[in-house]
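Chemist: One structure, as C-alpha cells, below. Some questions next.
The values are calculated or read from the model by the stated rules, or taken from the named source; none is laboratory data. Computed from a prediction, not measured in an experiment: that's the story for all the values here. Note that each Cβ is placed from the backbone with ideal geometry, even for glycine, and that neighbours are counted across all protein chains shown. Areas reflect the complete protein model, heavy atoms only, side chains present, ligands, DNA and RNA absent. Shrake-Rupley method; radii C 1.70, N 1.55, O 1.52, S 1.80 Å.
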Amino acid sequence: MSRVYFTTPIYYVNAEPHIGHLYTTVLADTLKRFHKLMGDDVYFLTGTDEHGEKIAEVAARQGITPQELVDRVSGVFEGTWKQIGLDNDDFIRTTSVRHKQYVQEILQRVKDSGDIYFGEYKGLYCVGCERHMNLSELVDGKCPDHQVAPKEVKEENYFFRMGKYQQLLVDHIEKNPTWIRPERFRNEVLAFLKAPLDDLCISRPKTRLTWGIDLPFDDRFVTYVWFDALLNYPSALKRTKDGRDLFERYWPHCNHLIAKDILKTHAIYWPTMLMAAGLPLFKQIDVHGYWLSGETKMAKSLGNVVRPLAFDKRFEKEGGIESLRYFFFREMKFGQDAGFTYELFVERYNSDLANGLGNLLSRVASIAKKNLGGVVPGRRHTFGERESKVEEFAREVVERYPAYFEERQFHTAIEEIRKLLAVGDGYINDQEPWRLARDEAKRTDLERVLYTGLEVVRLAAILLSPIMPRKCAEILAFLGETRPLDGSIPFAELAAWGELRAGHGLGEVIPTFPRIDEKRLKDIAPANAEPGEPGGGAGSPTRQDLKPPKPEITIDDFGKIDLRVGVVRAAGEVEGARKLLRLEVDLGESKPRQIFAGIRAAYPDPSVLVGRRVVVVANLKPRQMKFGLSQGMVLAGHDENDTRLGTAMFVDGDLKPGDAVT
Ligand code: MSP
C-alpha cells in the first residue's frame, strides 16, 4: 500500500470559486478516489488563502473589514466543495489559530538559524500576483497575468536568504527528474534558476498593511502572504487523527497540485523555505495548464468565469458537475491549456456520455428488462470467441489504467475507456440481441450477449468512478455492483472480468445521461459566462436583454444637452458610498468641477482615470449629495440593472478641456 497526500492551492478569497478553481480541486478529489480504489492511504487538503494586500484592498473597496470578507468568501468555497460532494479531509484557513501559530513557529526557527535578516527593498510589486517582479518578467511594462503595471515600492523589511539555497535546489531538481511534472515545467524552473536567485522579502510594514500574521520577532511587521500561505501544507497536518500524527504519516508523501501560474512560488520559494526550516521536501508537484475561455485564461478579473454551482444547476438532469468532471479530464491534456465552451461541453457530453456510456447501458438493460425479466443473466461458461475478444480488450484496459492515472494521463485513460465502450457497442451491434430475443431457442445466446454488454458497462463505471463518483455509483448500483470502491476489495478483484453478479434484478431503466438538445445553447451567453455575471453576454449578436428604446427626440431636444470634454485631474473613493468615485474634472473653467460618478466597481484603482478625457454633461443641474455638491455627470456605460461594470466614456484625438461634444 502506498501513501499520498494531495494538496490544492489554497484559493484567494477576493473572488468566489469558478471552474478554474474547481478543476484543481476536482483533480485532487479524483486522485484521492483513484488511490482509494487502489487500496492506498490517502489524504486530501484544500482551503483558502486569506491574508495579503489583495484581500485588504478588496475588503476596503467593498466597505467591509477583511475579516468579514474572508469569513464570507471562505464559507462560499467550503460550501461549494461540500455541495458538490468533494471528499477533502480538511479545509485549512490561513486566518485560523492553528495556522498562524505554525507560521510564527517556522519564522522564529528560520530567524534563529540566521536565514532571516533586516534590510531595504526597492523594486516592483504586482498586487495581483502578490509578489515582487523583475523588469524582465513584464510585458509592455505590465504583469502578463494581470495586465496591470506593478507598483514601485521602497521600504525596510525582513528578508529570507533564499539565494543561499539555490544550488541545493538545482541539485535536487537534477537528481529527481520527476519532482516537477510535466517535464517542461521542470525545464522552466531550471532555466529560471540559471540566473542568481535573489533573497525574498518576507514582511510588510504595518504602516502599509496590517492584514497578516505578525512577525514573532518584530510586531511592526506582518508576514508576506506567500511565506504565510505556503506553510498551510504542513500546518494543516499538525494534528492527530485516530490518535495518529498526521504530519509524520503524510508529509513525506506530499503531492502538490497547482496550475502553472504559481509554479515559481511552489518550485522555488517553497522548497528553499523548507530547507531553511529543516523540513523534508515535498515529494512531487504536478502542474496543469489553464482553462481558457476563448483565447484568455478564465479569471474573475477578466469577467469570463463559469460558476460551479450555476453550472451544476443548469445541467442538473444531465449529471451537473459530474459531467463537467468528465469533460475536464477528457478535454485537458495534463500540463497544457484547454478551452471551455458550452458548445464543446455539450458536444462531448452527447457523444461520450449520452451516446456512449449511457446509450450502451440503456440499450442492453432495456432488452434484459423486456426479455429476461430484468434479471442479470449468468452464462459465463458459454463464452465464445467473440466474448473472449471483448474480455481480453477489457483486461488490457484495466491493466493499463492505473499507470495512466499515476502519470496524470487522464485523457488517455478516458480514451481507453471510450474504446472499451466502443468495443462493447460494436459487439452488441454484431450480435444483435434484439434478433436473438425473437427466438426462444437462442435464449442462452441472448443471455451471454447481454451479460457481456452489461459487464463492459460495469467495468467502465468502475474505471470512471474516480472521475464521476456519483453517476458511476448509480450505474453500479443499478447493475447490482454495490461493493465499496474504497480499497477494502482489491481493485484487481473488482475489475476482473466476469464479476458482474448473476441474478440481480435491474431496476427501472431511465437514461443515465439524457441527450442535451443543442438548442439549449441559445440561452447561454456566447462569452461563456453565466448570465448575470460580469462579461456574460458581452458581444452577443442578438441581445434579448436590451432595454426598449426611449421615445424619439428632435435634434433640438438633443441640443439642450451641453456635452463637454473634461480631463480628470483627481479620482478617489468616497467613504460610505460603495458605488461612487469622487472626480475632479477640468472643463477649462477657472477650477475643476467636483463630480460624483457611479463607476467605482469598474475602477478598483481610481488613479488610472487621472489624466483621461471623459465626456461630461456640463449643464446638468448641480445636485447636493450627502458627500458634497456634484456639478455635472460623466457619461458611463451600464446594463439595465446597473449590475455590470460601468465604464466611463473616453475621448480620443486632440481635444482640450471644455471642447464641445455633439
Ligand atoms: N492563493 C494563491 C495560492 C497559494 S497556495 C499556497 C493563489 N490563489 S488563486 O485563487 O489565485 O488560485 C490559483 C489556482 O487556482 C491555480 O493555480 C489553479 O489551481 C486554479 N485556477 C484558477 N484559475 C484557473 C484557470 N483558469 N485554469 C486552471 N486553473 C485555475 O494563487
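Chemist: Anything in region 569-594 that is assigned to a strand (DSSP E or B) and basic (Lys, Arg)? List them, or say none.
Modeler: We begin by selecting, within region 569-594, every residue assigned to a strand (DSSP E or B); these are 569-574, 577-586, 593-594.
Correct list: ARG569, ARG578, LYS579, ARG582, ARG593.
Chemist: Can you confirm whether LYS389 is surrounded by fewer than 18 Cβ atoms within 10 Å (Cβ to Cβ) and more than 22 Å from ASP29 (Cβ to Cβ)?
Modeler: yes
Chemist: Which ones in region 437-463 are open to solvent by 30 Å² or more (accessible area, probe 1.4 Å) and either touching a Cys at 6+ places or on another chain (Cβ under 6 Å) or of a type in the set (Asp, Glu) (or both)?
Modeler: Hits for region 437-463 are ASP439, GLU440, ASP445.
Chemist: Consider only pairs whose beta carbons are under 7 Å apart and that are at least six residues apart or on different chains; among these, list those whose first residue lies in region 35-60 and is open to solvent by 10 Å² or more (accessible area, probe 1.4 Å) and whose second residue is among the hydroxyl-bearing types (Ser, Thr, Tyr).
Modeler: ASP40/SER2; LYS54/TYR12
Per-residue answers, yes or no, for (1) among the aromatic types (Phe, Trp, Tyr); (2) within 37 Å of the chain's Cα centre (by Cα); (3) modelled with pLDDT of 95 or more:
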| position | (1), (2), (3) |
| --- | --- |
| LEU357 | no, yes, yes |
| LEU361 | no, yes, yes |
| SER366 | no, no, yes |
| GLY378 | no, no, no |
| ALA403 | no, yes, yes |
| GLU407 | no, yes, yes |
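Chemist: A further question follows. Evaluate the following for ASN350: is it surrounded by fewer than 17 Cβ atoms within 10 Å (Cβ to Cβ) and at pLDDT 95 or above?
Modeler: no
Every residue, every condition in (1) more than 25 Å from TYR125 (Cα to Cα); (2) at pLDDT below 95, yes or no:
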| residue | (1), (2) |
| --- | --- |
| HIS21 | no, no |
| THR24 | yes, no |
| ASP29 | yes, no |
| ALA60 | no, yes |
| ILE64 | no, yes |
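Chemist: Inspect all residues belonging to region 603-611 and state whether any of them is charged (D, E, K, R), under 34 Å from the mean Cα position of the chain (by Cα), modelled with pLDDT under 85 and in a strand (DSSP E or B). Working first, answer last.
Modeler: Residues of region 603-611 that are charged (D, E, K, R), as a first pass: 605.
Now restrict to residues that are under 34 Å from the mean Cα position of the chain (by Cα): 605.
Then keep just the ones that are modelled with pLDDT under 85; that gives 605.
Those left that are additionally in a strand (DSSP E or B): none.
Scanning region 603-611, I find no residue that is charged (D, E, K, R), under 34 Å from the mean Cα position of the chain (by Cα), modelled with pLDDT under 85 and in a strand (DSSP E or B), so the answer is no.
Chemist: For the list (1) in contact with a helix residue (DSSP H, G or I) (Cβ under 6 Å, 6 or more places away or on another chain); (2) in contact (Cβ under 8 Å) with a residue 12 or more places away in the chain, I need the number of the one condition that THR296 fails.
Modeler: The number of the failed condition is (2).
Chemist: State yes or no: is LEU237 of a type in the set (A, V, I, L, M, F, W, C) and surrounded by fewer than 21 Cβ atoms within 10 Å (Cβ to Cβ)?
Modeler: Values: of a type in the set (A, V, I, L, M, F, W, C): yes; surrounded by fewer than 21 Cβ atoms within 10 Å (Cβ to Cβ): no.
It is false that LEU237 is of a type in the set (A, V, I, L, M, F, W, C) and surrounded by fewer than 21 Cβ atoms within 10 Å (Cβ to Cβ).
Chemist: Determine which member of the set ASP115, ASP89 is more than 20 Å from GLY20 (Cα to Cα) and within 23 Å of the chain's Cα centre (by Cα).
Modeler: Selected residue: ASP89, the only one of ASP115, ASP89 that is more than 20 Å from GLY20 (Cα to Cα) and within 23 Å of the chain's Cα centre (by Cα).
Chemist: Tell me, which residue of region 318-335 that is in a loop (DSSP other than H, G, I, E, B) and in contact with a His (Cβ under 8 Å, 6 or more places away or on another chain) is most open to solvent (accessible area, probe 1.4 Å)?
Modeler: LYS333
Chemist: If I ask for residues that are of a type in the set (Val, Ile, Thr), in contact (Cβ under 8 Å) with a residue 12 or more places away in the chain and in a loop (DSSP other than H, G, I, E, B), which ones from region 61-74 would you list?
Modeler: Here is the first cut: in region 61-74, the ones of a type in the set (Val, Ile, Thr) are 64-65, 70, 73.
Add one more test, that the residue is in contact (Cβ under 8 Å) with a residue 12 or more places away in the chain, and what stays is 70, 73.
Scanning region 61-74 gives no hits.
Chemist: Provide a single number: the residues in region 1-43 that are near the ligand (Cβ under 9 Å from one of its atoms), in contact with a Ser or Thr (Cβ under 9 Å, 6 or more places away or on another chain) and small (Gly, Ala, Ser).
Modeler: First pass over region 1-43, keeping only residues near the ligand (Cβ under 9 Å from one of its atoms): 7-15, 17-25, 27.
Narrowing the set further to residues that are in contact with a Ser or Thr (Cβ under 9 Å, 6 or more places away or on another chain) leaves 7-13, 15, 17, 21-22, 24-25, 27.
Subset that is small (Gly, Ala, Ser): 15.
Total meeting the criteria: 1.
Chemist: I would also like to ask the following. Taking region 491-513 only, how many residues are part of a loop (DSSP other than H, G, I, E, B) and open to solvent by 70 Å² or more (accessible area, probe 1.4 Å)? Walk me through it before giving the result.
Modeler: So the first thing to find is which residues in region 491-513 are part of a loop (DSSP other than H, G, I, E, B), and the list is 495-504, 506-513.
Then keep just the ones that are open to solvent by 70 Å² or more (accessible area, probe 1.4 Å); that gives 501, 508, 510-511.
Adding up the residues that qualify gives 4.
Chemist: Next question. Just to confirm my filter: which strands (runs of 3 or more DSSP E) fall fully inside region 253-317 and include at least 3 residues that are near the ligand (Cβ under 9 Å from one of its atoms), hydrophobic (A, V, I, L, M, F, W, C) and at pLDDT 95 or above?
Modeler: 254-259
Chemist: While we're here: Of all residues being at pLDDT below 90 and in contact with a Phe, Trp or Tyr (Cβ under 7 Å, 6 or more places away or on another chain) in region 490-526, which is nearest to LEU463 (Cα to Cα)? Just the residue, please.
Modeler: LEU521
Chemist: Taking the criterion of being free of Cβ contacts under 8 Å to residues at least 40 places away in the same chain, of a type outside the set (A, V, I, L, M, F, W, C) and either open to solvent by 40 Å² or more (accessible area, probe 1.4 Å) or more than 21 Å from PHE383 (Cβ to Cβ) (or both), would at least one residue in region 466-482 satisfy it?
Modeler: The answer is yes, given that some residue of region 466-482 is free of Cβ contacts under 8 Å to residues at least 40 places away in the same chain, of a type outside the set (A, V, I, L, M, F, W, C) and either open to solvent by 40 Å² or more (accessible area, probe 1.4 Å) or more than 21 Å from PHE383 (Cβ to Cβ) (or both).
Chemist: Then there's this: Name every residue in region 132-183 that is acidic (Asp, Glu), assigned to a helix (DSSP H, G or I) and surrounded by 14 or more Cβ atoms within 10 Å (Cβ to Cβ), in order of residue number.
Modeler: Listed by number, the list holds a single entry, GLU137.
Chemist: Here's a follow-up. Working only within region 403-436, note down all residues that are surrounded by fewer than 19 Cβ atoms within 10 Å (Cβ to Cβ), closer than 12 Å to PHE334 by Cβ and not hydroxyl-bearing (Ser, Thr, Tyr).
Modeler: GLU406, GLU407, GLN409, HIS411
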